[in-house]
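Quick notes on the structure that follows.
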Amino acid sequence: MAVKKHIISGIVPGSIAEELEIEPGDELCEMNGAAIDDIFDYQYHMENEYLEILIRKAGAGEEWLLEVEKDEDEDLGLLFDSGLMDDYRSCRNQCVFCFIDQMPPGMRDTLYFKDDDSRLSFLQGNYVTLTNMSDHDIERIIRYHLGPINISFHTTNPELRCRMLHNRFAGEALQKAKQLAAAGVPLNGQIVLCRGLNDGAELDRTIGDLSDYLPALRSVSVVPVGLTDYRDGLYPLEPFTETDAKQVLEQINKWQNRYLKEYGTRLIHASDEWYLLAGEELPAAVSYEGYPQLENGVGMLRLLAEEVMEALAERAGNKPVFRKRTVSIATGLLAAPFLRTLTGKIREQYPDLRVNIIPVRNDFFGNKITVSGLITGQDLIRQIREFADSENPGEAVLIPCNMLRSGENVFLDDVTVGDVIDAVGVPVLPVDADGEALVAALLAEETKPLKRRQQYEQTDCGRDRPAECRKIDAV
Ligand code: SF4
């Protein structure tokens, strides 16, 4: 394998690297005598308390062998242009349900990049299909005890997997998951369910087969495919109906009971969307077994409800002074009824609080997309204005921070929160999708910095890539 060059692009101020006078432009050549392929190798060596690093200085090319003694979890403070210390691997599939293929034209180029890089699964929690995971990657994951690795199973029927991923190697790629499971690498799985393809008997087969991956496999989520209006020329897929959702939940429930009895875990979990679509009660908190698939939209609403009740209980004995207030919450169509009920509970304790729910239709991607994480700034502006034509939105419009790109005040369509405020003339406040933050924002208490919790409706592969590439939801 060719040795890769890792040019240092920056140094964290106050870090070990700065103390050692390593500078941007220098090259990291070796760690503990070994060449560094990518971030897998880098992080593995970084866990050592004693490190020898070989640096080639920029310019004259002088080589420095530096000895470092540090804490196990202490970082050197080297920065590289690519977080992977390598090129991102794009996917080799053409999944029939790929969200990127269904995006409207004219968006930022980066939004159309399809990644399926196993290294991102370990580093950022992305779900990967394993179709471009090399034997070298598998060997390193096992040797370095990396994990968890998040796998997009979709089906365990090899032929069907080839068809769904449009990749003739997709079936045999499941062997790699078996290798990882056999080596005890912790795994999580997901199934994007497509009507008429991997549902019904195929879903039963898949869930049944997943016992082969136990005990390494910790949890598996089932999420419904998301369909935009931009599917011309793509595989014909239909959205799930209420009846379908009820059937899926019945199946999952049956398997949960079986797994619980035989293996002591429910293993398989339906995303919140199925319950909302079926009009059924969300399961009790205990059913989520610690919410291992929270960021895949499994149990997020149950957790939110629990947190809201806790936040109310905490305030019950020690009621802060609360003045009369009207406030609005803008959210996707899917979670709007749930939020209406939840805020009703808050109002029982604070009758002077008036909360409007503004369910925002997704005109940008199409009306079949109902999650809040894919609401654009332009849809939000238009529909807050429509709402304000007939009702008073109050002192502020709260939005889930999942509507925004991670760490930024920018929506998917590059509209900023400031643009929305200017256009609607009302303060628009992004709020954490956690119950305490929601109650505090509704009561106009001081809130803490934003913390994202994302709900995943349907996939490309990314989970923690820029939010715009995923279908995410929060209330
Ligand atoms: S869903 Fe993921 S793996 Fe499939 S084509 Fe899209 S980006 Fe690639």
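Computed from Cα atoms, the angle from the helix 336-349 axis to the main principal axis of the chain rounds to 70 degrees. Distances between every pair of Cα atoms in segment 6-79, grouped in 5 Å steps from 0 to the bin holding the largest one, split as 3, 17, 29, 32, 16, 3, 0 percent.
From its DSSP helices (H runs of at least four residues, each -39,500 (n - 2.57)), the chain gives a residue-normalised ellipticity at 222 nm of -9000 deg cm²/dmol. For residue 151, the residues whose amide H sits under 5 Å from its own are 128, 188, 189, 190, ignoring neighbours fewer than 5 places away on the same chain, with H placed 1.01 Å from N.
Selection among 442, 369, 346 by position relative to the dipole of segment 303-442 gives 346 as farthest towards the positive end (Cβ unit charges, Cα centre). In terms of overall dimensions, segment 218-336 has a Cα radius of gyration and Dmax of 18.1, 60 angstrom. Ordering 203, 268, 247 by the projection of their Cα atoms onto the charge dipole of segment 171-269, which places +1 on the Cβ of Lys and Arg and -1 on the Cβ of Asp and Glu, puts 268 at the extreme positive end.
On the basis of the beta-carbon distance and an R0 of 51 Å, residue 253 and residue 142 show a calculated FRET efficiency of 0.90.
With a Förster radius of 35 Å, plug the Cβ-Cβ distance of residue 75 and residue 112 into 1/(1 + (r/R0)^6) and report the FRET value to the nearest 0.05. The value I calculate is 0.60.
Helix 242-263 against the longest principal axis of the chain: what's the angle in degrees, Cα atoms only, rounded to the nearest 10? The two axes meet at around 50 degrees.
Under 5 Å between amide hydrogens, built in the peptide plane, is the criterion, and for residue 357 it picks out 329 among residues at least 5 positions away or on other chains. The alpha carbons of the chain give a radius of gyration and a Dmax of 24.1, 73 Å, in that order.
Contact order for the chain, expressed relative to its length and based on alpha carbon pairs under 8 Å spaced 6+ residues apart, stands at 13 percent. A Förster radius of 45 Å, combined with the Cβ-Cβ distance separating residue 265 from residue 63, puts the computed FRET efficiency at roughly 0.30. If you sort 87, 363, 432 by accessible surface, 1.4 Å probe, largest first, the order is 87, 363, 432. The separation of segment 282-326 from segment 41-98, counted between C-alpha centres, amounts to 40 Å. Couplings for segment 52-65, taken from phi via the Karplus curve 6.51 cos²θ - 1.76 cosθ + 1.60 with θ = phi - 60°, read 10, 10, 9, 10, 9, 5, 5, x, 5, x, 4, 9, 10, 9 Hz in order; Gly and Pro are left as x. Of the residues 127, 235, the one with the largest accessible area comes first in the ranking 235, 127, computed with a 1.4 Å probe on protein heavy atoms.
Charge dipole (Cα centre; +1 on Lys/Arg Cβ, -1 on Asp/Glu Cβ; no other charges) of the chain amounts to roughly 2100 debye.
The phi-based Karplus calculation (6.51 cos²θ - 1.76 cosθ + 1.60; θ = phi - 60°) puts the 3J(HN,Hα) values of segment 95-107 at 4, 5, 10, 3, 6, 5, 5, 9, 7, x, x, x, 8 Hz, whole numbers, x for Gly and Pro. Computed from Cα atoms, the angle from the helix 377-390 axis to the main principal axis of the chain rounds to 10 degrees. Normalised by the number of residues in segment 6-79, the average gap of Cα pairs under 8 Å and 6 or more apart makes the relative contact order 36 percent. For segment 100-294, a crude dipole built from +1 on the beta carbon of Lys and Arg and -1 on the beta carbon of Asp and Glu, taken about the Cα centre, is about 580 debye to the nearest 20. For segment 303-442, the Stokes-Einstein estimate of translational diffusion at 37 °C and a viscosity of 0.692 mPa s comes to 214 µm²/s, using the Kirkwood hydrodynamic radius over alpha-carbon pairs. Accessible surface area normalised per residue over the chain is 43 Å², counting heavy atoms of protein chains with a 1.4 Å rolling probe. Values of log10 I(q)/I(0) for segment 100-294 across q = 0.11, 0.13, 0.14 Å⁻¹ run -0.52, -0.73, -0.85, by the Debye formula with one identical scatterer at each alpha carbon and no solvent.
In order along segment 175-187, the phi-based Karplus estimate (6.51 cos²θ - 1.76 cosθ + 1.60, θ = phi - 60°) of 3J(HN,Hα) comes to 4, 5, 5, 5, 4, 4, 5, 5, 7, x, 6, x, 10 Hz; Gly and Pro are listed as x.
In segment 6-79, a dipole from Cβ-located charges (positive for Lys and Arg, negative for Asp and Glu) runs towards its positive end, and of 36, 59, 24 it is 59 whose Cα lies farthest in that direction.
Of the solvent-accessible surface of the chain, computed with a 1.4 Å probe and all protein chains present, 48% belongs to carbon and sulfur.
Dividing the mean sequence gap of close Cα pairs (under 8 Å, 6+ apart) by how many residues segment 223-323 holds gives a relative contact order of 22 percent. In this simple spin-label model, placing a label point 7 Å from the Cα along the Cα-to-Cβ direction at both residue 35 and residue 392 gives a separation of 7.1 nm.
Residues of segment 60-80 falling in the label zone of residue 21, defined by backbone nitrogen less than 15 Å from a point 7 Å along Cα to beta-carbon, are 60-67.
Charges only on Cβ, +1 for Lys and Arg, -1 for Asp and Glu: so what's the dipole of segment 303-442 about the Cα centre, in debye to the nearest 20?
Computed about the Cα centre, the dipole is about 500 debye.
Measuring against 23 Å, Cα to Cα, the residue pairs 254/368; 324/345; 4/57; 254/345; 114/176 contain 254/368; 254/345 as the ones spanning a longer distance.
The values are calculated or read from the model by the stated rules, or taken from the named source; none is laboratory data. No experiment lies behind these values; they were computed from the predicted model shown. In this analysis, Cβ positions are derived from the backbone assuming ideal geometry, glycine residues included, and neighbour counts consider all displayed protein chains. Side chains included, ligands, DNA and RNA excluded: accessible areas come from the protein's heavy atoms. Shrake-Rupley method; radii C 1.70, N 1.55, O 1.52, S 1.80 Å.
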